[in-house]
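Below is one structure, written out as structure tokens; comments come after it.
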Number of protein chains: 2
Amino acid sequence: MRLSELSTASGVPIATIKFYLREGLLEPGTPVTARQSSYDDGHLRRLRLVRAMQQIGGMSIDQVRNVLFAAGESTLSRHERLGVAQYMLPPLVEAPTDDPLWDEVHGEVLALMTGLGWLINDFSPSLNALTRSIVALRRLGYRDGIEHVRRYAAAVHPLAEGEYRFIDGHRDLDEAIEATVAYTVLYEPILLAIRRLAHEDVSARLHHRRPISPLDGVDLPPA
Amino acid sequence: MRLSELSTASGVPIATIKFYLREGLLEPGTPVTARQSSYDDGHLRRLRLVRAMQQIGGMSIDQVRNVLFAAGESTLSRHERLGVAQYMLPPLVEAPTDDPLWDEVHGEVLALMTGLGWLINDFSPSLNALTRSIVALRRLGYRDGIEHVRRYAAAVHPLAEGEYRFIDGHRDLDEAIEATVAYTVLYEPILLAIRRLAHEDVSARLHHRRPISPLDGVDLPPA
């Protein structure tokens, strides 16, 4: 298809597609004439993936580029390339604090991983996100962090296993990397939305046996 | 304690605390002299909560204010105030698209909720986040969205129920609202971190029976 058709099919403006091409986020099309190239379904998919990373994953262009470049690093094994793609995603929580509880909680998080028998690098960025959040919970007086994380681990691991096997089932490495990114970025808001909805359901069930009423009556402060 | 002691105990600079006081995010202290007020543990907790909403939840001051004000709306029932606090949290995904698949997928999401028997409002913001993400998955060619969401729902609901009962167990409504916000904002990165770690474990297990190797060998593009 031509550039204009790629734009129509993807809903992405031509100027944005040209920008992605210049930035190397999208492979060049096949030259047809000196001034025209042809694009295929692979381009359309990649375009949709970049848009999803930006619009749903909330990633910057630099973050998108880092993930795609790292995943394309051909000196790495398949496992490493999939892992690097995940490590390069934006961190779930910003940098560590200098809270004196940090070392203690980080040690508990590492011990939890060991206890679960999970094969995790000490420098995996998600360990920091976990530590940071548990430190904050503890500072607010909630003591149950690690025990509750263990329950989440038990609930989520079987699902993650199915997902990873699906990702890894793509024989083509590029497709597998695309699936890694798509499954991480797109299922994260899904998982959180389901949890918020479950809270809403439990609250309605315990209190009223009906959904929460409309917010019309709420006076919100000016935004 | 004095303002300076509140600052030391919380790690929040005095100027920031004064800003929160002006903005009404923190209740005024008890006047001791004309120029000095006294603060208690309630102030310290609230301060930590506001910081956690900003630093871990990534919320703006306006978003923090909206959640705290809405939750303090005394004309609402307890269930409604807890619900409003959750609805006012930043949406998980930005606004709907004009994708023609939207209506179809939104209908499937509503049908899923009905099928699960969950008591959810049609206008719950999380339904949009769910729809948006599934539309994007479908555009990338992944067909299994709704079925997989059902598996997440089954895994997460029992945990959410325990969490909600803990939140609701606080007799003091302010404490219950604090717990709603803390549990939503702080456990969300925890849940995602656990899922990313589970993927890392499954990948290591399937491919190497060891964790992914260090990233030293990876040439990253300039940031």
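The values are calculated or read from the model by the stated rules, or taken from the named source; none is laboratory data. These numbers come from a predicted model, not from an experiment. Cβ: placed from backbone, ideal geometry, glycine included. Neighbour counts: every protein chain shown. Side chains included, ligands, DNA and RNA excluded: accessible areas come from the protein's heavy atoms. Shrake-Rupley method; radii C 1.70, N 1.55, O 1.52, S 1.80 Å.
Based on what the data block shows, is residue A:76 free of Cβ contacts under 8 Å to residues at least 60 places away in the same chain and assigned by TED's automatic domain parsing to the domain that holds residue A:185? Before the answer, list the steps.
On the way: free of Cβ contacts under 8 Å to residues at least 60 places away in the same chain: yes; assigned by TED's automatic domain parsing to the domain that holds residue A:185: no.
In short, no.
From A:218, A:185, A:181, A:202, which residue is within 7 Å of chain B (Cβ to nearest Cβ), open to solvent by less than 40 Å² (accessible area, probe 1.4 Å) and modelled with pLDDT of 80 or more?
The conditions single out A:202.
Among the candidates B:68, B:47, which residue alone is part of a helix (DSSP H, G or I) and in contact with a Ser or Thr (Cβ under 6 Å, 6 or more places away or on another chain)?
On the way: B:68 fails: in contact with a Ser or Thr (Cβ under 6 Å, 6 or more places away or on another chain).
Just one listed residue meets the conditions, B:47.
Which residue pairs have Cβ atoms closer than 7 Å, lie 6 or more positions apart in sequence or on different chains, and pair a first residue in the stretch A:95-114 that is closer than 17 Å to residue A:153 by Cα and part of a loop (DSSP other than H, G, I, E, B) with a second residue that is open to solvent by 40 Å² or more (accessible area, probe 1.4 Å) and among the hydrophobic types (A, V, I, L, M, F, W, C)?
none
Could you please let me know if residue B:80 is over 20 Å from residue A:56 (Cβ atoms), facing another protein chain (nearest Cβ under 7 Å), at pLDDT 90 or above and within 21 Å of the chain's Cα centre (by Cα)?
On the way: over 20 Å from residue A:56 (Cβ atoms): yes; facing another protein chain (nearest Cβ under 7 Å): yes; at pLDDT 90 or above: no; within 21 Å of the chain's Cα centre (by Cα): yes.
Considered against the rule, which asks whether it is over 20 Å from residue A:56 (Cβ atoms), facing another protein chain (nearest Cβ under 7 Å), at pLDDT 90 or above and within 21 Å of the chain's Cα centre (by Cα), residue B:80 comes out as no.
With the condition kept exactly as written, say whether any residue in the stretch B:109-129 is over 27 Å from residue B:57 (Cβ atoms) and of a type in the set (D, E, K, R).
No, that holds for no residue.
Within the set of pairs 6 or more residues apart or between chains, which connect a residue that is more than 7 Å from chain A (Cβ to nearest Cβ) and open to solvent by 30 Å² or more (accessible area, probe 1.4 Å) inside the stretch B:149-164 to a residue that is charged (D, E, K, R) and in a helix (DSSP H, G or I) with Cβ atoms less than 7 Å apart?
As it stands, the answer is none, since no pair meets every condition given.
I need a count of the residues in the stretch A:42-73 that are in contact with a helix residue (DSSP H, G or I) (Cβ under 9 Å, 6 or more places away or on another chain) and acidic (Asp, Glu).
Of the residues in the stretch A:42-73, 1 are in contact with a helix residue (DSSP H, G or I) (Cβ under 9 Å, 6 or more places away or on another chain) and acidic (Asp, Glu).
For the stretch B:8-29, how many residues are open to solvent by 20 Å² or more (accessible area, probe 1.4 Å) and either of a type in the set (Val, Ile, Thr) or more than 18 Å from residue B:69 (Cα to Cα) (or both)?
9
Answer yes or no: is there a residue in the stretch A:119-128 that is free of Cβ contacts under 8 Å to residues at least 60 places away in the same chain, under 30 Å from residue A:26 (Cα atoms) and hydroxyl-bearing (Ser, Thr, Tyr).
Within the stretch A:119-128, the first condition is being free of Cβ contacts under 8 Å to residues at least 60 places away in the same chain, and the residues that meet it are A:119-128.
Then drop every residue that is not under 30 Å from residue A:26 (Cα atoms), which leaves A:124-126.
Then keep just the ones that are hydroxyl-bearing (Ser, Thr, Tyr); that gives A:124, A:126.
The answer is yes; a qualifying residue exists.
Which of the residues spanning the stretch A:40-59 are within 20 Å of residue A:169 (Cα to Cα), of a type in the set (D, E, K, R) and either under 13 Å from the mean Cα position of the chain (by Cα) or more than 7 Å from chain B (Cβ to nearest Cβ) (or both)? I'd like the intermediate steps shown before the answer.
Pass one, the stretch A:40-59, residues within 20 Å of residue A:169 (Cα to Cα): A:42, A:45-46, A:49.
Filter once more, so that each one left must be of a type in the set (D, E, K, R): A:45-46.
Selection gives A:46 alone.
For the stretch A:60-73, indicate whether the set of residues that are farther than 30 Å from residue A:20 by Cα, of a type in the set (Val, Ile, Thr), open to solvent by less than 10 Å² (accessible area, probe 1.4 Å) and more than 7 Å from every other protein chain (Cβ to nearest Cβ) is non-empty. Can you show your working first?
At the first step, the residues of the stretch A:60-73 found to be farther than 30 Å from residue A:20 by Cα are none.
Within the stretch A:60-73 (the criterion being farther than 30 Å from residue A:20 by Cα, of a type in the set (Val, Ile, Thr), open to solvent by less than 10 Å² (accessible area, probe 1.4 Å) and more than 7 Å from every other protein chain (Cβ to nearest Cβ)), the answer is no, since none of the residues qualifies.
With the condition kept exactly as written, say whether any residue in the stretch A:180-189 is assigned to a helix (DSSP H, G or I), closer than 30 Å to residue B:47 by Cα and not assigned by TED's automatic domain parsing to the domain that holds residue A:52.
Restricting attention to the stretch A:180-189, the residues satisfying the condition of being assigned to a helix (DSSP H, G or I) are A:180-189.
Retained after the next criterion (residues that are closer than 30 Å to residue B:47 by Cα): A:188-189.
Narrowing the set further to residues that are not assigned by TED's automatic domain parsing to the domain that holds residue A:52 leaves A:188-189.
Yes, that holds for at least one residue.
Based on this model, can you work out whether residue A:151 counts as of a type in the set (Lys, Arg), more than 17 Å from the chain's Cα centre (by Cα) and modelled with pLDDT of 85 or more?
Details: of a type in the set (Lys, Arg): yes; more than 17 Å from the chain's Cα centre (by Cα): yes; modelled with pLDDT of 85 or more: yes.
Answer is yes for this residue.
Identify the residue in the stretch B:87-100 that is open to solvent by 30 Å² or more (accessible area, probe 1.4 Å) and among the aliphatic types (A, V, I, L, M) and, among all such residues, is farthest from the other protein chains (Cβ to nearest Cβ).
Out of the qualifying residues, it is B:95.
Residues being out of contact with any helix residue (DSSP H, G or I) (no Cβ under 7 Å at 6 or more places or on another chain), more than 7 Å from chain B (Cβ to nearest Cβ) and closer than 26 Å to residue B:44 by Cα: count how many of those fall in the stretch A:108-140.
1
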